[in-house]
Amino acid sequence: MLAGGHSLIPVMKFRLAQPKHLVDISRIRDLSYILADGGAIVIGAMTTHHDIEASDLLRKTLPILPEAAALIGDVQVRNKGTFGGSLAHADPAADWPASVLALEAEIKASGPSGARTIKAADFFVGMLQSALEANEILTEVRIAVPTGKTGMAYEKFAQKASGFAIAGVAAVITTDGKGNCLRARLGVTGISAKAYRAEAVERALEGKKLDDRTIAAAAAHTADGQDPLGDIHASAEFRAHLARVNAKRAIARAAKAA
């Protein structure tokens, strides 16, 4: 399937994928929307990064999404690339996986047998591998709007040429209004073979006073249980370090916003 083409076309150029058939779904306009539905926001798979970046509705309800969108690639990429296409590609250095994990999104997949819902935590299963079946396409993402005093932030260290995340952390923090953390969710991208929830960090924050010391101690666990990637852009050790740094920054900003 070809949506925006910014994931599949480069892979085809490198001969990493050689599909016998290519179906262009970019002109299915019914899959491009950002809507409020009760206490949730639903985003169609063909919604572009630019549409998300420019959405007043998202700035008011899920501001981490416009923030992350503005950091993706360049203007050309943001105007052509799609939300659903990026998620379906499951690139471990893409920006969207971190945010949908932190927001505990639900991803709708449709195929010959009908539609099913996949939790974001179950969607990314390996390097460039999602939970989508071969005969399914991603059609919609549904995100419950957090209640209470909730703040969110996305921090990343980007690879300069492509804009992909060498280490990106999305934080969604709910407080009691007195500086204590009631709930924390962190999504991490760029570190290992798939995006993941930093559950050790979440546990270290919840029920604690969100002061500098607590945040720093919690952020130290961002790469726990992971096997960080090493390449020409960053060693495994440096990636893990960047993850901890960006987690600390994202948590602090989200806590302040809350």
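All of the numbers you see were taken from the coordinates with simple rules; none came from a lab. All values reported here derive from a predicted model rather than from experimental measurement. With ideal geometry, Cβ positions are generated from the backbone for all residues, glycine too; neighbour counts draw on all protein chains shown.
Remarks
- Only Lys, Arg, Asp and Glu carry charge here, each on its Cβ (+1 for the first two, -1 for the last two); on that basis region 149-257 has a dipole of about 420 debye about its Cα centre.
- Computed over region 156-217: relative contact order in percent, which uses C-alpha pairs under 8 Å that are six or more apart: 26
- A dipole drawn for region 149-257 from +1 and -1 charges on Cβ atoms has a positive end, and of 243, 164, 204 the residue lying farthest that way is 204.
- Solution diffusion estimate, µm²/s, Stokes-Einstein, region 46-154, Kirkwood Rh from C-alpha pairs, 10 °C, viscosity 1.306 mPa s: 111
- Taking the charge dipole of region 8-144 about its Cα centre, with +1 at Lys and Arg Cβ atoms and -1 at Asp and Glu Cβ atoms, the residue from 71, 38, 134 reaching farthest to the positive side is 134.
- Residue of 162, 55, 130 that the Gaussian network model of the chain assigns the largest fluctuation, springs spanning Cα pairs under 10 Å: 162
- Neighbourhood charge, 9 Å Cβ-Cβ cut-off, centred on residue 172 and excluding it, Lys, Arg +1 and Asp, Glu -1: +1
- Expected 222 nm ellipticity per residue - DSSP helices of 4 or more, -39500 (n - 2.57), all of the chain, to 500: -8500 deg cm²/dmol
- Low-density loop positions, trypsin sites (Lys or Arg not before Pro), region 160-258 - DSSP coil, at most 12 other Cβ in 10 Å: 160, 178
- Counting only alpha carbon atoms, the long axis of helix 236-257 and the longest principal axis of the chain meet at about 70°.
- The magnitude of the dipole of the chain, with charges of +1 and -1 set on the Cβ of Lys/Arg and Asp/Glu and taken from the Cα centre, is near 380 debye.
- Cα-Cα pairs of the chain separated by more than 22 Å (percent): 52
- Between 107, 41, 232, the residue with the greatest mean-square fluctuation in the GNM of the chain (Cα pairs under 10 Å linked by springs) is 232.
- Treating each Cα of region 110-258 as an identical point scatterer and summing with the Debye formula, the log10 of I(q)/I(0) at q = 0.10, 0.11, 0.17, 0.18 Å⁻¹ comes to -0.39, -0.47, -0.97, -1.04.
- Relative contact order computed over the chain (Cα-Cα under 8 Å; 6+ residues apart), in percent: 17
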